[in-house]
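These notes are about the structure you will find just below.
The values are calculated or read from the model by the stated rules, or taken from the named source; none is laboratory data. All figures in this text were calculated on a predicted structure; none of them were measured in a lab. To get the accessible areas, we keep the full protein, side chains included, count just its heavy atoms, and leave off ligands, DNA and RNA. Shrake-Rupley method; radii C 1.70, N 1.55, O 1.52, S 1.80 Å.
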Amino acid sequence: ERQLSIQKKKGALVDRARAETMVFRLARQERDIWVTWPVRVAALMAAQVSAEVSGATGATVTIETATMQRVLETHVREQLDALADLKVTLG
């Protein structure tokens, strides 16, 4: 018990429930950031892709922001669903 007390004071041991709570909170924050990412970048990506395609073809091409956002949201949600199957075990 004394050895465990020393290790805990040195930070070598942590409370399991606290660690699990922190991992869950971190995962939730990551998920929330990814869920809102398409809204933040869709307009920029649509403009960039439109410019690239227009430059390559010489024809004016416009990609709608809403279309880009829907595509991004679909793929982000698929990736998040795949990541949701990961299980964290501590010890």
Self-check item: Number of positions in the stretch 61-91 that are under 16 Å from Arg40 (Cα atoms), among the acidic types (Asp, Glu) and either more than 16 Å from the chain's Cα centre (by Cα) or outside any helix (DSSP H, G or I) (or both)
Solution: 1
Quiz item: If you go through the stretch 11-43 one residue at a time, how many are closer than 20 Å to Asp81 by Cα and open to solvent by less than 80 Å² (accessible area, probe 1.4 Å)?
Solution: 7
